[in-house]
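> Encoded as structure tokens, here's the structure I'll be asking about.
The values are calculated or read from the model by the stated rules, or taken from the named source; none is laboratory data. The shown structure was predicted, so the numbers you read here are calculated from the model rather than taken from an experiment. Here the Cβ positions follow ideal geometry from the backbone for every residue, glycine too, while neighbour counts run over all protein chains shown.
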Amino acid sequence: MYVLRTRQKFIDLERDNKVSPVGEIFRLEDEQRVKTLLGDNPGGRKYVDLIGVEHPEKKAKGPKIIIYQGHLFYIGGIETFLYNFTKHYRDRDITIICKDVDDNQMLHLGKYANIREINGADKMECDVLILGNYDCAGIVKQIRAKKVYQMIHGDLRGLAKSLHWGDNYRWRKDCRVDKVISVSDTARDGVIECGGVDSEVIYNILDTEYETDDGLSFITLSRATAEKGINRIIQMAKEFKKAGKHFVWFLCCSLHQADPGVVKIIKSMPEFVIIPPTQDNRMLIKNCDYLVQLSDTESFCYSAYEALQRGVPVILTDFPEAKKTVDPGKNGYLVHMDLSDLDIDKIFNHKPKNVTFVDKCDYDKWEKVFKGEL
């Protein structure tokens, strides 16, 4: 259950045309609807702020645990720790609280734990409070806990030097903290040196289920123009997202050639990685799962051949030459121009293996050309 707060007045067509005033707090269950209100829509308008994710039907076991982290960003090691931790202990009663959090990160962490923003007036109770920030004096006053742990996620010695905290930096453990936990021996040594406090070392949890490793990587080396299929690329990526697939798509394209509206959509989708085109981009091909070229027409698609040459399957629109290049299921897949036959399951679950390449060039004919004999 997603908890939202309106940031601008709008008519909510999904709730009987209800006019949502600024500051209204309401709840939705549809994740895609939430993403739309957060700005994942054609106009890119953000109508709401995501302030929490709840699991009211979850029957958690054990003590009530609250983890506090002041700020959570789109990516980061602490963010990864929280995700792996709550995923591993998904059957426990865990709530993450923070002052502010990136929307995408809240959606990510909300899969396995309750998460909410907290302000200075909120009061909470729990059995175990785990503090993720080094200075948590304020938050400890707001949360009544039977046991308080302080986590040390970094090497305080290295941080003090890197962030110019001063040569005489000293960390002081809050008197309400019962025990300090360090994520490595290095973190433990740092807190001993900078704070004179010993700690229990518990190395961070790794995600052993590899949930997102079913994702794929795509690459396109092309001009970002209509006849080269840039609009189809966007459409295909949206279909992948709609199907809940994880992927990254490297666009080695010159976006200045694309329509401004197209560029705006591409930059709004985090799955796209924009790489300035250079002659060396082809070095990336061998590390991707597919090369994609969705042109209106091609007489000799060089990037497709370069991919096959490197054992990488291709996805091409069914222009005439593509039908002579791709053997569906063996070295790639073909799709109609309108993508009406896009088979996402085949692409993600049946990637062609042992892709081979046949050099079709007749070098003897070139020798004849050189001699004027052709």
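> Looking only at segment 81-102, how many residues end up being surrounded by fewer than 18 Cβ atoms within 10 Å (Cβ to Cβ) and touching a residue at least 60 places away in the same chain (Cβ under 8 Å)?
Summing the residues that are surrounded by fewer than 18 Cβ atoms within 10 Å (Cβ to Cβ) and touching a residue at least 60 places away in the same chain (Cβ under 8 Å) in segment 81-102 gives 3.
> Any chance segment 233-240 includes a residue that's touching a Ser or Thr at 6+ places or on another chain (Cβ under 7 Å), at pLDDT 90 or above and not in a loop (DSSP other than H, G, I, E, B)?
yes
> Is there any pair with a first residue in segment 141-157 that is outside the structural domain of Cys194 (by TED's automatic domain parsing) and a second that is at pLDDT below 95 and outside any strand (DSSP E or B) whose Cβ atoms are under 6 Å apart and which are 6 or more apart or on different chains, and what are they?
Between residues of segment 141-157 that are outside the structural domain of Cys194 (by TED's automatic domain parsing) and residues that are at pLDDT below 95 and outside any strand (DSSP E or B), there is no close pair.
> Still on this model: Considering only segment 135-160, state which residues are modelled with pLDDT under 90, surrounded by fewer than 20 Cβ atoms within 10 Å (Cβ to Cβ) and in contact with a Leu (Cβ under 9 Å, 6 or more places away or on another chain).
Val140
> While we're looking at this one, here's another question. Which condition does Val197 not pass, out of (1) under 28 Å from the mean Cα position of the chain (by Cα); (2) farther than 25 Å from Thr80 by Cα; (3) not charged (D, E, K, R), if it passes all the others?
All conditions pass for Val197, except number (1).
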